[in-house]
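Just below is one structure, and these are the notes that go with it.
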2 protein chains.
Amino acid sequence: MPKHPKGALLQNLGIERGTSVPIYRQIDASLRRLILEGNLRPGQKLPSTRELADELGVSRITVKTVYEQLAIEGFVRSKTGAGTFVAEGLDVKALPDFQRPRRQPRLADTVISGRARKIMPSKAAVRLDRIDPFRPGVPALELFPVKLWNKYLLDAAISCDRQNMSYGEIKGQSSLRQSIARHLINTRGMQVDPEQIIITAGAQQAFVLTALVLLNPTDTVWYENPGHIAGREVLEVLGANVMPVPIDDEGMDINYAIAKHTKPALIFTTPSHQQPLGTTMSLSRRLMLLNYARESGAWIVEDDYDSEFRYRGQPLPALSALDSERSVFYVGTFSKSMFAAIRIGYVVVPPAFVEAFALAQNLLGQSSSSVVEKALSMLMDDGKFSDHIRKMRRVYRERRNVLHDCLVTECADSLEPQPTDAGMHMLAWLKNNVDDQTAHRALLDVGIECLPLSVYCTEPLARSGIVLGFSGVNERHMPKLVRRMSETLRTL
Amino acid sequence: MPKHPKGALLQNLGIERGTSVPIYRQIDASLRRLILEGNLRPGQKLPSTRELADELGVSRITVKTVYEQLAIEGFVRSKTGAGTFVAEGLDVKALPDFQRPRRQPRLADTVISGRARKIMPSKAAVRLDRIDPFRPGVPALELFPVKLWNKYLLDAAISCDRQNMSYGEIKGQSSLRQSIARHLINTRGMQVDPEQIIITAGAQQAFVLTALVLLNPTDTVWYENPGHIAGREVLEVLGANVMPVPIDDEGMDINYAIAKHTKPALIFTTPSHQQPLGTTMSLSRRLMLLNYARESGAWIVEDDYDSEFRYRGQPLPALSALDSERSVFYVGTFSKSMFAAIRIGYVVVPPAFVEAFALAQNLLGQSSSSVVEKALSMLMDDGKFSDHIRKMRRVYRERRNVLHDCLVTECADSLEPQPTDAGMHMLAWLKNNVDDQTAHRALLDVGIECLPLSVYCTEPLARSGIVLGFSGVNERHMPKLVRRMSETLRTL
């Protein structure tokens, strides 16, 4: 190896003064690049700290600090009395050319796993960057009591002591689990011990957790068709064999599934308000489902996503309230009753599963912020959560009524709205054999964001329709929006 | 079916006055129970609302409301002019006896999936309910600027408008991604576009995300042995085939893995500060690893969990900073640099993977609270995060020094501390063939919570040792604690 007694001449360090990058970092980055690109060869001597400092017009201590850092990282080695040398034994020639533009393959070209491929296409129908009127599942954010919530958030932050700064309770703060248990006992007819509740970052994470604990890859899951989009995706990505079960007037058609499908490890259902058809599962169907689960050893996931909003009678008790055999995993969320960004949901699990779920939650990395959990708990305990639900129930009932009337008046030739007694969205069947994807795209072009019924399906339905979220649309704007909808649909 | 013209005599409704349960709900629950237990038979007539109201001494409207709710739920049917009847066709005899105590199987008796079985045993060594001195990974919470943080939290809450109440940006708030990008450019030598960053609820969730996108079940993963406990568990639960790779003086022994193992889909490594041995991966090993990844098509996960805390020279640049081929997925966390309950971590992914990761994150159910994300971003942009890191670096260096000195002075006969220049924990090798699980249990009994080295291993090591977290222990308490440690170890 040639060694220059005076050290390499470093004339292309390219130091610029007056930029925001400190001189120290510029020298450091340049030396690194010269070594990694092979322009400073292994074993080559660097200039002495004094020489380089003089040459660059910087202090000697600056250069010394850079050399020390490079030595710590193994780019150079200092030999006492002899100077500083580029490290030998670095396989730099094997390194790619740093000057060459970096490889930026399109996603389709990358080696990406089967799981990711499953994730990619399914989301195509849902825009993620903005929300237009009638998108399903959007609460009336303009009526949310932001100031009140911020007051609770601040109170929670102040009352959090250093005990609350560790990972904390895996299952979520016990105060929130107590508040949720009371809420479920009072409004959903359930018998819940707070210890059975696992707080998650929304319903979606509860599905992931449930699938991770209860399912092995290739296990069969009976799933409503049409059914909850994101829940199905979770199950598919985790490897489950998702079997579509049709919906009739009484809810999920269990007899059809028994006749057609293999025995399930899990049955996923939305009994309070079928997602998206809006059917309420009848009592006899509920009992049939529970009996079948008991006999077959299947577990049931009850997704109770918008049960707070019932416009006739009291909210129905949960399926879970009838479940004396402890085979139901009940999933709830605050994304609809509060707002999505709160990122809090939960799953109520049978007592025997509490430990496994807590450990799985720990494995997924626990999720909610403890301050936000505490604030929500305080809000609930003060009755402000119920107040908000009651207020929203009135608002959403009115919005449902107005939308239904507008659809009947304005869209009689193109849409047949399905009456609904609950929830935040309404299904409207398309007339004249209009394809729902076509309708969806045409309406999106005029700023109306319904979802095509077919995105909820694994098997096509006999009729096509669109799902219209009414909760997030001010009723005063509805007539105009529905007229626009009517005009657009008439052109198809 | 027998029908009583006057309706059933309901003498066992068991209504109690003066309890916190409203009369309405007591009547409702009693009727439900009588129907579900078969004591009110299908088709049987109920008393008229007037009769029952008189009998119970409540208003007729109360009874009417109960009947209406039961009718909505399908428990009873009202026939105009004839009265209210228990619904027919309910398969109530198939229902389990509600009087019987509910089945409460122990976990081992339940049908629980292979995944859950994998989760269960692995956590045995880690207590989750409390933290005792020397538990690894615990920051100096008593020195955290709680008031300052709460100020930022409040400012963030106030500045959040209704736009921030929706699901928001899937990848996390762009302001925080920008702050993190700047931090990584300044301290880790990386070239990062904020668009490459996906915010997660801690490093753990970043591992889940990465495994979901990059791996198919049964794919091979090369994993450091000993190595990060939770990361390994995530991979195993998701079905990966985790192969142990030993650590030598230069870090993960790639040549050993090439010779012994099948080609990996993923290589998981902690180059800055090997978890838990503390080795820093040499430059030549880094280059070898990157070259191998490029040639074999493997992806690399770089877990940079405590790189902020380096006590000699500047923090080393990340492995990712050398990665011109874009094969490294860089995982960082604020659990150590801030506090665990903040639940914010991130993964920096190659540009081609941004979309897949965002969709997978959406599938997992996005996680962090947007208010907390915003507060953290503001704290970072104001330089307060760097201030805190600098302060903690001084504190932890001192704690490391004191622990090392105490171990040398007090435990010379039982422990050999491994010098470390970084991080929050120190490895101490056990002398006299003491088993590390035995040492762990004995120390736990006297309130000292180290971790046995063997819980980090899939293959046993030649020597046993304990991992001592020093960052969370006040240096003034160390001499006493280490003396207690010495006395306990001497008895083994």
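Throughout, read-outs are computed from the coordinates displayed, never taken from laboratory work. Worth saying up front: this structure is predicted, and the values here are computed from it rather than measured. Neighbour counts are summed over all protein chains in view; Cβ atoms, including those assigned to glycine, are modelled from backbone coordinates with ideal geometry.
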Using only Cα atoms, what is the ratio of the radius of gyration of the stretch B:132-252 to 2.2 N^0.38 Å? 1.37
What helix-only [θ] at 222 nm does the protein assembly as shown give? Using -39500 (n - 2.57) per DSSP H run of at least 4, over all residues, to the nearest 500, the answer is -12000 deg cm²/dmol
Can you quote the Å³ per residue value for the convex hull of the Cα atoms in the stretch B:23-94, rounded to an integer? 81 Å³
Any chance you could give the angle, 0 to 90 degrees and rounded to 10, that helix A:354-364 forms with the longest Cα principal axis of chain A? 40 degrees
Correct semi-axes for the stretch B:188-279, from √(5λ) of the alpha-carbon gyration tensor and rounded to whole Å with the largest first, are 22, 18, 13
Mind jotting down the three principal axis lengths of the protein assembly as shown based on Cα atoms? Whole angstrom, largest first. 115, 76, 51
What is the Cα coordinate range of the stretch B:143-386 on the first, second and third principal axes, sorted by size from largest, in whole angstrom? 58, 41, 29
Distance cut-off 24 Å, Cα to Cα: go down the list A:Lys147/B:Lys384; B:Lys336/B:Lys384; B:Lys151/B:Lys374; A:Lys171/B:Lys336; A:Lys336/A:Lys374 and report the pairs above it. A:Lys147/B:Lys384
With axes computed from alpha carbons, what is the tilt in degrees of helix A:146-159 against the longest principal axis of chain A, rounded to the nearest 10 within 0 to 90? 60 degrees
Please list, short to long, the whole-number percent of alpha-carbon pairs of the stretch B:375-474 in consecutive 5 angstrom bins beginning at zero. 2, 12, 18, 20, 16, 11, 7, 6, 5, 2, 0
Taking neighbour counts of Cβ atoms within 10 Å as a proxy for exposure, in what order, fewest first, do B:Trp149, B:Trp429 appear? B:Trp429, B:Trp149
Sort A:Val371, B:Val58, B:Val213 so the one with the fewest other Cβ atoms within 10 Å of its own Cβ comes first. B:Val58, B:Val213, A:Val371
Positive end of the charge dipole of the protein assembly as shown (Lys, Arg +1 and Asp, Glu -1 on Cβ, about the Cα centre): tell me which of A:Pro452, A:Met338, B:Ile448 has its Cα farthest that way. A:Met338
Helix B:384-410 sits off the longest principal axis of the Cα atoms of chain B, rounded to the nearest 10 on a 0 to 90 degree scale, by 70 degrees
Copies of B:Val21 compared via label points 7 Å along Cα→Cβ give distances in nm, shortest first, of 7.3
May I ask you to report, in nm to one decimal and beginning with the shortest, the distances from A:Gly297 to the same position in the other copies, taking label points 7 Å along Cα-to-Cβ? 4.0
Evaluated at 10 °C with a viscosity of 1.306 mPa s, what Stokes-Einstein diffusion coefficient in µm²/s does chain B have when Rh comes from the Kirkwood expression over alpha-carbon pairs? 59 µm²/s
Partner aspartates and glutamates whose C-alpha sits under 18 Å from that of B:Lys391, ignoring same-chain residues fewer than 8 away, are B:Glu142, B:Asp306, B:Glu308, B:Asp381, B:Asp382, B:Asp421, B:Glu475
Please report the relative contact order for chain A, taking Cα pairs under 8 Å with a sequence separation of at least 6, and give it as a percent rounded to a whole number. 17 percent
Once you mark the trypsin sites (Lys or Arg not before Pro) that are in a DSSP loop and have at most 13 other Cβ atoms within 10 Å, what is the longest gap between them in chain B? B:131-311
At 7 angstrom along the Cα-to-beta-carbon line, where would the label on B:Ser174 sit relative to the other copies? Give the distances in nm, shortest first. 4.4
Mind checking B:369-376 for the average number of partner chain beta-carbons within 10 Å of each residue's beta-carbon? 5
Excluding residues fewer than 8 places away in the same chain, name every one of the aspartates and glutamates whose C-alpha is closer than 14 Å to that of A:Lys118. A:Glu233, A:Glu236, B:Glu355
Using modelled amide H (1.01 Å from N, peptide plane; none on Pro or chain starts), what sits under 5 Å from the amide H of A:Trp299, excluding residues fewer than 5 places away? A:Leu266, A:Ile267
